[in-house]
Structure formats: structure tokens, C-alpha cells
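The values are calculated or read from the model by the stated rules, or taken from the named source; none is laboratory data. The model shown is predicted, which means the values in this text are computed figures rather than measured ones. Glycine also receives a Cβ, built like all others from the backbone with ideal geometry; neighbour counts cover every protein chain displayed.
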Amino acid sequence: MNPNPHHLLEINDLGIQFGGLTALEHVTFSMDPGEIVGLIGPNGAGKTTVFNLITGIYQPTIGSITLGGQTLNGRKTYKIFQSGAARTFQNIRLFKKMTVLDNVRIAAHNQMDYNPLVGALRLPGYWRDEADTTYRAMKMLDIFSLTEHAGEMASSLPYGQQRRLEIARALISNPKLLLLDEPAAGMNPTETQALMATIREVRDRFGVAILLIEHDMRLVMGICERLVVLDYGQVIAKGTPAEIRQNERVVKAYLGGSAV
Amino acid sequence: MNAATRNSWILNAIALAALSAAFLLPIQSGAVNAYIVGLLITALINIIMATSLNLVCGLLGYLALGHAAFMGVGAYAAALVSIHWNVPLSFPLALLVGGIAAAITGVIIGVPALRLRGDYLAIITLGFGEIVRIIMNNMPILGGARSLRGIPRITTVPVAYAVVIICVTLMFTLGRSRHGRAILSIREDEVAATSSGIPVTYYKILAFTLAAFFAGIAGGLYAHYMGVLNPNRFNFDRSIEYLVMVVLGGMGSITGAIIAAIVLTLLPELLRGLSNYRMLIYSLALILMMLFRPDGLLGTAEFSLASIGRLFRRTRRSAQNEGRDHSES
Amino acid sequence: MNILLTQLINGLHVGSVYALIALGYTMVYGIVKLINFAHGDIIMVGAYAALMLLTSTALPFGIAAMLSVLFCVTLGVLVERIAYKPLRNSPRISSLITTIGVSFFLQNSVQMIFSPTPRPFPIRLSVPTIVIGSLKISGLTFVTILVAVLLMIALELFVRRTRMGKAMRAVSEDMQAAQLMGININTTISMTFAIGAALAAVGAILYSTAYPSVSPTMGALPGLKAFIAAVLGGIGLMPGAMLGGFIMGVAESLTKGYISTQLSDAVVFGILIIVLLVKPSGILGKHVSEKV
């Protein structure tokens, strides 16, 4: 099957096994550029595994993943990041003992091209690249209201700001696809509201497609244009939030047993 | 370069020049005896060893137990250049060849070894280090266990001092470039680093190779200071000695490594009056240091004149803040 | 053929000593995830203790051996309590450096008391040589292998069958969970160090009868080799330490016999590197990957 040129992300019949245990199978869905899609399902359904497969942390047992027409199978994680898929983590993975600014600058690594010798000798290429990167990183921190914390250690930020810093770090490389793993986890309702606004703004400003895993249904229903529902490693439903709300299998998966 | 950066550079440059003058003038005037000169050269060589090992242990966060082997490779390569190749500028050339030989060894060892991590990496570097030593012991061209002799004794205090300044400056600037940040990010979180576009394997090998390169240069200095080389000088015990310097200084801190290298070179000599007890005191100091200050002297922080200035300002400000807090309550 | 057999038996002789020492490394690593660099120096202290008791008293060999084992056990437990326990929650590298410090400390203390000069170890034990056909096995070799194997069986039974043994396995599996189940972590860890030190002391006496020269740095090389043996078999695993010890001993002995004495150490390290590259967790180890 040829990938549809209009789709940004195409996942086709994806499956993975861990030591004989099937974690995911027959997962098929696609995303258009600039779309916000929610990936939902009960705990242990395999949502984060989908992220780990897209970003190349795991290699699929079968199936294919393409991004902008390029296949991602067999590619290294850092290459996948370079070809335009950036992510955040469920359990926040910042570079804790580095400054907020450096956290963002690290992800801009590939947009600079001076070599180690130029860096060590502080030749003009170093100053040019670093000034440019620092400028862009500060602008990104500004969007996420982190400017005043630029020089602080990432670990010293409160939880909500750490989550925002992770998104800022992912966005500095101008990705085509942003993967957010439970961005609202541990946030209070006010913070979640602010996060929803930020996510919409990010999509509008950067034109990036966003795939997000989230348990907070108000957030999911509020900002996602389409939803993909996973249960026991399989896609049990796809559609608009309104359609998903009506879907019997989804309700059953969430409530368990014989409800409905 | 903004004004604050420039000022801090100028300040540090002036301080460095003053320090150099205070340090080198007495030696040039011949007021210092050979024993002290020997001690100073040893301390300077140890500074390069400690700061270069810091690239792997501090920046990359990996434990390596074979650093002395790279010094050995560099020492022998540099010595062979000096002995067999009598050309002008042969000494800088010899040091460079020593560094490159060690760097190549670093790549050969690093590529397979860096697939492992944590304790396993420590163990495999130990194994490789010992193998390098045993191979050097069995190579006829190196004189083997009977030692290599007749190396010109060119390393003086000013020469060693200049080489140290160059090496440490390069390591410092490298550490604060996109490459240094990439290496640091691996120490902080390898998964996050690779997910942020950092080719982690490349940077692990780069850090390891650069560390080997500078250790090779230190080896070249050592060879031209001693005039005689024996492979067993570069054994596991030496690697441990350098590791201890890095840890005591605070992993990740270049200035910490420098201070620790100086202190640990001088300390056993200062304790010479207590000659029977000195190694005992040294080992006790090590244990107590770990028990009461496990992050080392400086942690990951750097010592600089600008930071002292900041410290003063901060204490003054916090004193003011305290005053305000009291008046408010 | 006879030469090969003799070399193999020599290998088993040294190997069984390595295995005993390796057990100490592996048990400590299994429980506190610490490479105890001072373990080799416990061997040295054990050898000196036995030497002292044998030369300055008229005690029979067996009693002297037991007393030196007891001395090492006390030392091992004390070192853990004073130097390692306060660092249990610090970065691993701090504890590692501390073990190096303890190693220096033990070497230098002994050097101050007894001088660095090596001393001969008195072998006051005469065991008849065993002759099988044209093959002669020295009595010491036979006794060494026998003692080592018996101790390993005893240890295996202890860990499988007794309460304390089960506690040790539980703590090495998951320290926090074990604590929640009411296991006394400190006692269990002390016990581990005590057993490790006891085995090292027995190893020391067996080693000294094979290489009868006692010096303050004598523990370094067998310590390092035993450590490699532990890694080879799969560090943290007791059967791994035994297997690793025997492989090391035989490999070393065969290299000495057929290739060159000088290169025997290189072969030992070479085996280590190959095993680590092919199967990093050791011959019997299981691969564990990080969860994202």
C-alpha cells in the first residue's frame, strides 16, 4: 500500500511483541498536517508504546510508520527527531542539572553546524551559531512564560513549568509532529485550562500536528479534532470526540464489564 | 559576546597572567631546587590527567578505570618520535603524535566498550587498560619491562605550564559548546538526549576519544620529563589515582579537578615528615572526604573570580533581604 | 595428555580459590550493588593473621585458620558499618571511591606494622601426594579443591534453606520491598559482608599455601582476578562466581603451560572483554533493559 501523500503520519498494521507477549497489534491510523489527535484508552492499553515506536525507542515487530512520506522503521531515535517528530515524556525527562535555557538549546543541536575544533577555538562560526540559537531559545521560553527562569536549573522549576519546558524543548527544532505524553498529568484545573490554550496556540503558531495521550477527558474532548482509542493493544475506535462519546465499545472499555 | 562575558574573560585573563608570573618567575631565576621543580611538573601533568578524565567521568558521567593506559600510549608514541625523528619543532610534534596515538587507541577501545554502561563500562575499561599495559610490556621496540631509555629531557616547568594552559582552556571551551552540552545531556538523561536529536553513540565516543587525546599529551610531557619509560608505570593503580582526583574535585568541575590534582600531588610530599604515616593519612583523608562531602570539593560548580564577586553580592543582598524580612514581621 | 591433565588440575586449584573470593564480590554486589575494591585486601589481612598465629603461637593449623577467619569477619563487618553504610544512599561512585580508600588504608596499615618486605608463609600441613596411574596430584591441590567445593555447597544450602539466606535473597531482589516485609536490612547486609570476608579468609589461607609469600599488596592481583571471575559468570549470581572462578583458573593455567607466563594476565582480561561484549551481563546473567 502506498502512503497517501496528503497524510503527515501514517501508521499501518503496527505491532510489537515483548518476549512473546503482544503489546500492540493491527494498529492503523493516520494524521494530517496541523491536526490535533488524541490517543486515549485505559491504563496499560499501549499508548506510550505507540510513542516509543514512532520515535524509534522500540522497533516494531511488524507494520510500518511513515512521516511525511519517509519510512521511520529501523531509524535511530535521534534521526527520527531530526526528520520532524519530537516528543515529551509521561514522567518528565528534563536535563535536571542544566539550566532551563540549556535544556532548550540542546534540542537545537542539529540546527547548528560548527565542528568541535571551531567550538574549542571559539572561531566566528561558534559565535554566530550560538547567538542565533540562544535568540531562538529565548523566544521559545518567552512563548511558554519561562524567560525569567532561563538561568535556573531545570530541577528547580515547579511541576507545571517543567511540563511546559519539555514542550518548549520539543518545539525548538520546528517539528512537523509533536507527541505529548500526558501533558496535564499532575496539573490542577486552572493549569490544565492554561495548558489547553497553550496547545492550541502552539498548533496555530507553528502549524505542527499534535498527537496527545491524555486521561483528562475534558482536555481531550476540548481540543482534539479526532480521537484514536486503544484497548489491550488494539484500536477499538476512531472518530470525532462526539462520535467516540457515543461508541459502545469505548464506553465498555472504560467502564469495564457489562455497562451500557 | 556580551559585556558580562567579556568582562569575566578579561578578569580571568589578568588573574591568569598574574598567577603565571608569580609561579614562573622564581623558577626562572633558579631560586627553586630540583626537588620542587620535579614536584611542580608532576602536579602539572596530573592536572591534565585529572581534567581530561573529567571529560568522561564528569561530563559524560561514565566511570572509566583505564585512563593511565592512554597516558602510556601517548608517552611511548611521543618518546619514539623524539628518539627516532630529529627534526625542528620535534617536541610539539611529539606531543601531538602522542595525543593522536592515544586518541586512536581511545576510538579502538571506545567503540566496543561504550556499548556498555555503568559498572560494566568501568570493568571493561579496566580490562582494556591492563591489556594495553601488557602489550606495551611485550613490544620489543618499546624496550618492554627493561624500560625505554634515552628520551630527551625537554619538559621544564614553563613548558609544562604552557601545555597545561592550552589543554585546560580547550577542554573548558569545548565543554561550553554545543558538543559539550550534548555530552552533558547524555549524563543527565540518555533517553531524553537521543529523543532531542543528540547522536549519543557519537558523543560518547567523542568524549572518550578527547579524554584519551589529552591524556596522551600528558603522557608525552611525562616521557620528556622522566627520560625513561616503563609500562608498569601506567597500571590500574595510576588510573585509580586520577579517578580519585576527579572525584575529590567534584565530578564535572574542571577547576575542582585542578585543585584536587595539585593537592593530591603535594599532600603525600608535605606529609613526608611523617613518612611512615603519610599513605595512611592519604587513605583516611579519602574515606573521610567521601563520608562527609560525597559530591567532592566543588560538586559540579566551577570556581571563578566572577563567581566570588557574585557570592559577595549575593550575601550582601540576602543580608539586606533578611533585614527587610525582619522589619516586615 | 598427562601435561594437559596436570595443567587442568592446577587450573582447578587456583580456580577454586578465585571462586571463593569471587563469591564475596558477587554477594556484596548482589545486595548493595557495590564493587568492593577492598575485598582483595581482606585476603591479605587474612594471610597476615594466619601467618602471625602460625609463627608466634603453637596453635594447630586448623585453630589458627579458624581464628584468622574470625578476625577477617570482624574486620569485614566493621568496615561495612563504618565506611560503607553511611554512603548507602549517596551516588554509587562515592561508595566506590570509599572502597578504594579502605583498600589503601588496609594495605598501608599492614605495611606500617609488618614492613613491605614479603614474608614466607609457613606450611605446617603435610598432605600425602595422590597418585593415579602416572598422574600425581599434590595433596594441597586436592585439599584446596575439596575445601572450596564443600564451602560452596554449604553456602548454597545456607542461602536456599535458612531464614537468613532467604532474607539475603529477598534484599538482593528488592531492598525496599524486603524492608516492608519486616526484614532487617542492616543485619542482612552485615551478614553478607561477614560471609564474604570469611570466604576471602579461607581463600587467603589456601592461596598462601599455593604461593607461600605474604606481602601487603598480595591481595591486589587475586582480588582483581576473582572480581573478573565474578563478572565473567554474571555479577550478583553465586553459581556465576563459581563458574567464573574455575574458568579463570583453567584459562590462566593453560596459558601459562602452553603459551607464555607473561601473557596469562592478558588472556584473562581478553576473556573478560569478549564475554562483556558478547553478553554484558556475564555467562549466566540475564539482560535487563531500561523502561522508558
Notebook entry, point to check: What are the residue pairs meeting all of these: first residue in segment A:121-144, first residue more than 12 Å from B:Ser177 (Cα to Cα), second residue of a type outside the set (Lys, Arg), Cβ atoms under 6 Å, and 6 or more apart or on different chains?
Noted result: A:Ala137/A:Leu101; A:Ala137/A:Val104; A:Met140/A:Val104; A:Met140/A:Ala168; A:Met140/A:Ile172; A:Leu141/A:Thr147; A:Leu141/A:Ala150; A:Phe144/A:Ala168
Check: Out of curiosity, is C:Asn184 within 14 Å of chain B (Cβ to nearest Cβ) and either surrounded by 12 or more Cβ atoms within 10 Å (Cβ to Cβ) or in contact (Cβ under 8 Å) with a residue 12 or more places away in the chain (or both)?
Finding: no
Next item on the list: With the condition kept exactly as written, say whether any residue in segment C:215-228 is among the β-branched types (Val, Ile, Thr) and buried (at least 24 other Cβ atoms within 10 Å of the Cβ).
Entry: yes
Next item on the list: Specify the residue that is nearest to B:Ala182 (Cα to Cα); the eligible residues are those in segment A:53-71 that are within 17 Å of the chain's Cα centre (by Cα) and surrounded by fewer than 22 Cβ atoms within 10 Å (Cβ to Cβ).
Entry: A:Ile57
Notebook entry, point to check: Which ones in segment B:191-215 are free of Cβ contacts under 8 Å to residues at least 12 places away in the same chain and over 20 Å from A:Gly84 (Cβ atoms)?
Noted result: B:Tyr202
Next item on the list: Kindly establish whether C:Ile113 is outside any loop (DSSP other than H, G, I, E, B), within 14 Å of another protein chain (Cβ to nearest Cβ) and closer than 26 Å to C:Asp41 by Cα.
Entry: yes
Notebook entry, point to check: If C:Pro239 passes every condition in (1) within 14 Å of chain B (Cβ to nearest Cβ); (2) surrounded by fewer than 18 Cβ atoms within 10 Å (Cβ to Cβ); (3) touching a Gly at 6+ places or on another chain (Cβ under 8 Å) but one, which one does it miss?
Noted result: (1)
Notebook entry, point to check: Which one of these is at pLDDT below 90, within 22 Å of C:Arg160 (Cβ to Cβ) and within 18 Å of the chain's Cα centre (by Cα): C:Ile189, C:Ile228, C:Ile235, C:Ile195?
Noted result: C:Ile235
Margin query: For the condition within 30 Å of C:Arg92 (Cα to Cα), of a type in the set (A, V, I, L, M) and at pLDDT 95 or above, what is the one hit in B:Ala68, B:Ala101, B:Ala64, B:Ala75?
Written below: B:Ala68
Notebook entry, point to check: Picking from B:Val32, B:Val37, which residue would you name as being surrounded by 13 or more Cβ atoms within 10 Å (Cβ to Cβ) and part of a helix (DSSP H, G or I)?
Noted result: B:Val37
Item checked: Flag if B:Thr51 is out of contact with any Ser or Thr (no Cβ under 7 Å at 6 or more places or on another chain) and more than 14 Å from every other protein chain (Cβ to nearest Cβ) -> no
Next item on the list: Give just the number: which of (1) under 21 Å from the mean Cα position of the chain (by Cα); (2) free of Cβ contacts under 8 Å to residues at least 40 places away in the same chain; (3) crowded, with 22+ Cβ neighbours inside 10 Å does A:Met187 not satisfy?
Entry: (3)
Next item on the list: Give segment C:98-124 a look and list any residue that's crowded, with 22+ Cβ neighbours inside 10 Å and more than 13 Å from B:Tyr282 (Cα to Cα), or say none.
Entry: C:Thr99, C:Val110, C:Phe121
Check: Just a yes or no: is a residue in segment B:6-26 of a type in the set (A, V, I, L, M), modelled with pLDDT under 95 and within 15 Å of B:Cys167 (Cβ to Cβ)?
Finding: yes
Notebook entry, point to check: Across segment C:55-105, what is the total count of residues that are away from chain B (no Cβ under 14 Å), in a helix (DSSP H, G or I) and out of contact with any Lys or Arg (no Cβ under 6 Å at 6 or more places or on another chain)?
Noted result: 18
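Here's the yes/no breakdown for (1) in contact (Cβ under 8 Å) with a residue 24 or more places away in the chain; (2) crowded, with 21+ Cβ neighbours inside 10 Å; (3) more than 9 Å from every other protein chain (Cβ to nearest Cβ); (4) among the hydroxyl-bearing types (Ser, Thr, Tyr):
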| site | (1), (2), (3), (4) |
| --- | --- |
| B:Leu89 | no, no, yes, no |
| B:Leu95 | yes, yes, yes, no |
| B:Val111 | yes, no, yes, no |
| B:Leu116 | no, no, no, no |
| B:Ile135 | no, no, no, no |
| B:Asn138 | no, no, no, no |
Item checked: Contacts under 7 angstrom Cβ, first residue in segment A:197-218 being more than 16 Å from A:Phe51 (Cα to Cα), partner charged (D, E, K, R) and not in a helix (DSSP H, G or I), 6 or more apart -> A:Val208/A:Lys176
Item checked: Those residues of segment B:140-156 which are assigned to a helix (DSSP H, G or I) and either out of contact with any strand residue (DSSP E or B) (no Cβ under 6 Å at 6 or more places or on another chain) or at the interface with chain C (Cβ under 9 Å from one of its Cβ atoms) (or both), in sequence order -> B:Pro140, B:Ile141, B:Gly144, B:Ala145, B:Arg146
